[in-house]
Amino acid sequence: MGQCWRLSSWAVLRRHSPLPPALVALVAAVLAPAAAWAHADLHPGGGLVAGFLHPITGLDHVVAMVAVGLWGAVLGPPALWLLPLAFPPVMALGGLLALLGVPLPGVEVGIALSGLVMGLMVLFELRPPLWLAALLVASFAVFHGHAHGAELPAGTHPLLYSLAFVIATGLLHLVGILLGEARRWPGGRALVRLAGAGVALVGLWFLERALA
Amino acid sequence: MSGPGTAAALWSALGSLPLAHLVPTGLGPWGDGMARLMLQPLDLLLLVALVLLAVQNGRSWSDRLALVLPLNWLVGGLGGLLVVRELPLALLCAAIVTAMGVLAALGPALRLGERFLRGGTAALSLLFGLVAGSSLAGHGGALQALLGEAVAIAVVTALLLMALDPPHPRWLALGLRLIGSWIAASGLLMLGWLSRQPL
């Protein structure tokens, strides 16, 4: 009965959806309940799942990572690829510091500022020299790494968790770059600036919470 | 009992013992060994980094990598099987993976040279094979698992080399450097975890 309902609802969804079937399937997969992952932490795959989900389930991290790609697109080459290239190792350096017990003051403020500052950079299409942009992004990366790199859910494989964490972060950068490439289209530039405004607002919200 | 008969009996007896350091796949020691490559991120990352360095530095060396890498791994692994206890070299392995990731992220501009790549690949695959072998030593089905892992390494290396055959368009060259940076980042985090709680 359940199988029949699923088949019929899938058919209805396909018939009435304006989206391509592949996209509908992708959205359905993303929105599927997470109950199936309930026991994921009991095997090595749990490390992969936890590591992959960790960066994409924290809004502060997501907006900042997307902003790295967005700002790279605004700055153009070589910043377009240099910023996403430099960010993961520097972020991991922050994670390493946390794992070694080296304290870093104002981590939450730093993370919130990363969203706010990079969002404003995208909104106003600011183009500082490459070294300054790289320095700014690298500084923010240390805060993100320090806060998130050392958070390991119980029972997960730390090495697989680390690998998946980095991959998910890198993919968020790519999402930002792809969004930023919308600037090539009519109206795309306004869309990217709007996205920058959204990132800045989220950053501002987190900053208010961090300072409260 | 004849030589082959003894070997077969030994093989069978070893295969019936439990396997530590291996995730049971239900496919026996051979399959567990193949799966080990995917579940031991340091081994997998080193392999990917070595492939990246090879393809970034031209076709002449990358063509031979699919043979050199698994064979050296196997030789190192056979040596590791003779070691009584697991070699505590995980931190060193993580540091090496990080360094290889950095080299791949820096890209072909480094001009590492074929001699450096050849020597480095041979030494590192022997070392990582040795560590893998020592982690399996003394446990049932270790030899089968080691062979399974070597075959998995050969297959994955060949597939990667086929997909990444040089010369590369600009977007792919940048993508390879990006993956190198991800490997370096993963290695750094793993270094941190291993220094905190050795596996």
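Scanning region B:124-176 for residues that are closer than 20 Å to B:D32 by Cα and among the charged types (D, E, K, R) yields one hit, B:E149.
Would you say B:L174 is buried (at least 16 other Cβ atoms within 10 Å of the Cβ), under 16 Å from B:Q56 (Cβ atoms) and within 14 Å of chain A (Cβ to nearest Cβ)? So that I can check it myself, show each step before the final result.
Details: buried (at least 16 other Cβ atoms within 10 Å of the Cβ): yes; under 16 Å from B:Q56 (Cβ atoms): yes; within 14 Å of chain A (Cβ to nearest Cβ): yes.
It is true that B:L174 is buried (at least 16 other Cβ atoms within 10 Å of the Cβ), under 16 Å from B:Q56 (Cβ atoms) and within 14 Å of chain A (Cβ to nearest Cβ).
Check region B:131-141 and report whether any residue there is closer than 30 Å to A:W81 by Cβ, more than 14 Å from chain A (Cβ to nearest Cβ) and surrounded by fewer than 18 Cβ atoms within 10 Å (Cβ to Cβ). Scanning region B:131-141, I find no residue that is closer than 30 Å to A:W81 by Cβ, more than 14 Å from chain A (Cβ to nearest Cβ) and surrounded by fewer than 18 Cβ atoms within 10 Å (Cβ to Cβ), so the answer is no. Number of residues in region A:83-105 that are in contact (Cβ under 8 Å) with a residue 12 or more places away in the chain, of a type in the set (G, A, S) and out of contact with any His (no Cβ under 7 Å at 6 or more places or on another chain): the value is 2.
A:F140 meets each of the listed conditions (1) in contact (Cβ under 8 Å) with a residue 60 or more places away in the chain; (2) loosely packed, with under 15 Cβ neighbours inside 10 Å apart from (2). Of the residues in region B:107-126, none is surrounded by 16 or more Cβ atoms within 10 Å (Cβ to Cβ), under 15 Å from the mean Cα position of the chain (by Cα), at pLDDT below 90 and in a helix (DSSP H, G or I). What about B:A95, is it free of Cβ contacts under 8 Å to residues at least 12 places away in the same chain, assigned to a helix (DSSP H, G or I) and of a type in the set (G, A, S)? Against the criterion (free of Cβ contacts under 8 Å to residues at least 12 places away in the same chain, assigned to a helix (DSSP H, G or I) and of a type in the set (G, A, S)), B:A95 does not qualify. Consider region B:96-106 and keep the residues that are more than 18 Å from A:P84 (Cα to Cα) and buried (at least 19 other Cβ atoms within 10 Å of the Cβ). The one that is nearest to the other protein chains (Cβ to nearest Cβ) is B:V97. When region B:15-42 is examined, which residues are found to be at pLDDT 70 or above, over 23 Å from B:L189 (Cβ atoms) and either assigned to a helix (DSSP H, G or I) or among the aromatic types (F, W, Y) (or both)? If the condition is that a residue be at pLDDT 70 or above, over 23 Å from B:L189 (Cβ atoms) and either assigned to a helix (DSSP H, G or I) or among the aromatic types (F, W, Y) (or both), then B:G28, B:P29, B:W30, B:G31, B:D32, B:G33, B:M34 are the ones that fit. Within region A:103-119, track down each residue that is of a type outside the set (G, A, S) and farther than 13 Å from A:A147 by Cβ. A:L116, A:V117, A:M118, listed by residue number. Return a yes/no flag: does region B:180-197 have any residue that is away from every other protein chain (no Cβ under 14 Å) and either assigned to a helix (DSSP H, G or I) or in contact with a Leu (Cβ under 6 Å, 6 or more places away or on another chain) (or both). Scanning region B:180-197 turns up no residue that is away from every other protein chain (no Cβ under 14 Å) and either assigned to a helix (DSSP H, G or I) or in contact with a Leu (Cβ under 6 Å, 6 or more places away or on another chain) (or both).
Return the only residue of A:L116, A:L97, A:L159, A:L104 being assigned by TED's automatic domain parsing to the domain that holds A:G188, buried (at least 21 other Cβ atoms within 10 Å of the Cβ) and farther than 26 Å from A:A73 by Cα.
Numbers: A:L116 fails: farther than 26 Å from A:A73 by Cα; A:L97 fails: buried (at least 21 other Cβ atoms within 10 Å of the Cβ); A:L104 fails: buried (at least 21 other Cβ atoms within 10 Å of the Cβ).
Matching residue, one of A:L116, A:L97, A:L159, A:L104: A:L159.
Taken residue by residue, region A:154-166 has at least one member that is more than 20 Å from A:L97 (Cα to Cα) and within 12 Å of another protein chain (Cβ to nearest Cβ). Anything in region A:178-209 that is modelled with pLDDT under 90, within 18 Å of A:M65 (Cβ to Cβ) and either outside the structural domain of A:P77 (by TED's automatic domain parsing) or surrounded by fewer than 16 Cβ atoms within 10 Å (Cβ to Cβ) (or both)? List them, or say none. Across region A:178-209, the qualifying residue is only A:E181.
The values are calculated or read from the model by the stated rules, or taken from the named source; none is laboratory data. From a predicted model like this one, the values you see are computed outputs, not experimental measurements. Reconstructed Cβ throughout: ideal geometry from the backbone, glycine too, with neighbour counts over all protein chains shown.
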